[in-house]
Amino acid sequence: MNLFRKSEVQALESAAQACGLSLAQMMENAGQALAQEAQTRWGPLKSRPVAILCGKGNNGGDGFACARQLAQWGASCQVILVQGPPATALAKAAFAQLPPQVAVLDSQTASAAARAALSAAWVIVDCVFGFGFRGQLSGDAASFLSFANAQSGHRIAADLPSGTECDSARAAEGAFRAEATVAFSVEKPAHRSYPAMEFCGQVAVRPVGIPEALLASVQTQASLTTEKQVREALPPIPPQAHKGSQGRLLLVCGSYGMAGACLMAARAALRCGLGLLEIAAERSIYSILAAGVPEAVFTVYDARDPASTEAKLKRALAQATACAVGCGLGELAALVCPMVFRSCKVPLLLDADALNYAARWGFPLASLPVPLVLTPHPGELSRLTGESVQTIQRGRLEAAQWAATANAAVVLLKGAATVVAGPEGRLALNSTGNPGLAKGGSGDVLAGVIGALLAQGVPAFQAAAAGAWLHGAAGDWCRENFSARAMLPTGLEGALTEIFKNFERQ
């Protein structure tokens, strides 16, 4: 599903105008959609007090159109101008159409009355800033948005909560906290990524007149991964398939004390249609892995013999169609990662300790001549980029995109609403998953899923996006059956079985 950045929304509106739809009509339709959503959720609003916070731009114009519609339904509307009088031609025209029964309060000249209106409001409508907002809130806009958040009235936002950024999904301090947001025509990245997503509440997409055919014809850089896309990404299993035709994944994972990470990655990979799984295992954990994954074949190496280890890894890589390295490697990463980097000629996934190795030694990942997928959590991305975890979490989309470009890799930034970024600028946001996945081992399962898809020939970006969706959907199945508190990463393997069974039934 397409997610529209600011420039793409503007291009869409321009195309709609070329088709005969005026901006004035879009504003009128937006105001009506906003009013209707408030009426549907918290109505009837007849005789109810409604306060509409309006900025000086076209978002304020949407608020004026909304106030006029609500007044026609009998609501007691008060418009609060938090940036002074309207400044754009469209907003001025909408302001001029306000009926006499709509009270207008200027935050500078009638501050006490405006605050009293917000305190008494049954519904507070946010129409201060639109999708063009960037930076920090200041002045009366900041003061009144913060005050509105502290009131007991229901809160609804026009298109995006004021203080959130459309493209980056950042949220300024004091951003409007909506119970519901009406997204005009299309969803934006901020509706589907944190931290802005937290401020949106329930998002309802409502048309403002842009023709459906025009919406369907647009391809955006950002998207929300859907089940349909995942099903299409999965390679079919032909009637004459054999183990050699279904991909061979090499896992370079696990170490003494962390064999479980390799076990979880391996068993997840085997549930995703993989033909052959080979595990490069240090001799100290071979017996554990061999008992836990009887389906795998093994390259067993001795960390005390680097020359033999490298020769063995080189032979294994020559047979693989993809490689995943890092899960539970611990201190072995310093030994095997350089060897893998030197010999790998197939798509390569780096997770956990492989990422930590690259960060610690400043390895130039962009120099690797293979399709590359990085799967960091915020702490690992912090080590890779030098940015703090807090900075990354405040701008997850930009952080993932920067890392993808800098490393010439597909970057999957783990966390709520997982982000997949491609080096050419593509973004895929994930809608599956839940807090029950926040347990050690979940990331190992994810690495196994994506590694299996890579081995079967799925391109890196699609493999990462589909893997994130499948991993999250498995987590949702586990929550439904075991609860978010009690579910375990080892349960995700069985959940993947249920997901693929459902796919085949369909």
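Sparsely packed loop sites in segment 1-92 (the trypsin sites (Lys or Arg not before Pro) outside DSSP H, G, I, E and B with at most 14 other Cβ atoms within 10 Å) comprise Lys46. Scaled to the globular estimate 2.2 N^0.38 Å, the Cα spread of segment 464-506, given as radius of gyration, is 1.11.
Here is the tail figure for segment 216-313: Cα pairs spaced more than 17 Å apart come to 61 percent of all pairs. Percent of C-alpha pairs per 10 Å bin in segment 181-257, short distances first: 13, 26, 23, 18, 17, 3, 0. Solvent-free Debye calculation, one equal scatterer per alpha-carbon of segment 436-477: log10 I(q)/I(0) at 0.22, 0.30 Å⁻¹ equals -0.65, -1.01. Computed from Cα atoms, the angle from the helix 396-407 axis to the main principal axis of the chain rounds to 40 degrees. Exceedance of the 24 Å cut-off in Cα-Cα distance is limited, within the set Lys314/Lys439; Lys312/Lys439; Lys188/Lys439; Lys243/Lys439; Lys243/Lys312; Lys345/Lys439, to Lys314/Lys439; Lys312/Lys439; Lys188/Lys439; Lys243/Lys439; Lys345/Lys439.
Within the chain, what percent of beta bridges assigned by DSSP are antiparallel, to the nearest 5?
15 percent
Note on segment 1-94: Kirkwood hydrodynamic radius from all Cα pairs is 14.1 Å, rounded to one decimal. The angle separating the long axis of helix 460-482 from the principal Cα axis of greatest extent in the chain is about 80 degrees. Accessible surface of Arg383, taken over heavy atoms with a 1.4 Å probe and every protein chain present, rounds to 130 Å². Once the Cα atoms of helix 492-505 and of the chain are each reduced to a long axis, what angle between those two axes, in degrees from 0 to 90 to the nearest 10, is obtained? The answer is roughly 70 degrees. Computed over segment 70-119, the convex hull of the alpha-carbon atoms projects to a mean area of 3.7 nm². The percentage of C-alpha pairs in the chain whose separation is greater than 35 Å is 42%. Inter-label distance, Ile288 to Arg505: 3.7 nm, where each label sits 7 Å from its Cα along the C-beta direction.
Of Asp62, Asp476, Asp305, the order by accessible heavy-atom surface (1.4 Å probe, DNA, RNA and ligands excluded), from most exposed downward, is Asp305, Asp476, Asp62.
Of the trypsin sites (Lys or Arg not before Pro) found in segment 114-168, those in coil by DSSP whose Cβ has at most 14 other Cβ atoms within 10 Å are Arg134. At full extension, Ser138 and Ser119 could sit 4.7 nm farther apart than now, given 0.36 nm per residue minus the alpha carbon distance. Within the accessible area of the chain, the carbon and sulfur atoms contribute 53%, probe 1.4 Å, all protein chains present. Looking at segment 302-364, the pairs of alpha carbons with a distance over 14 Å make up 54% of the total.
With loop membership from DSSP and a limit of 13 other Cβ atoms within 10 Å, the longest segment of the chain without GluC sites (Glu not before Pro) is 1-172. At q = 0.11, 0.20, 0.23, 0.24 Å⁻¹ the log10 of I(q)/I(0) for segment 118-185 amounts to -0.22, -0.73, -0.95, -1.02, computed by Debye summation with a single uniform scatterer per C-alpha, solvent ignored.
The values are calculated or read from the model by the stated rules, or taken from the named source; none is laboratory data. None of these values were measured; they are calculated from a predicted model. Every residue, glycine as well, gets a Cβ built from its backbone with ideal geometry; the counts of neighbours run over all protein chains shown. We work out accessible area using only protein heavy atoms, side chains counted, and drop any ligands, DNA or RNA first. Shrake-Rupley method; radii C 1.70, N 1.55, O 1.52, S 1.80 Å.
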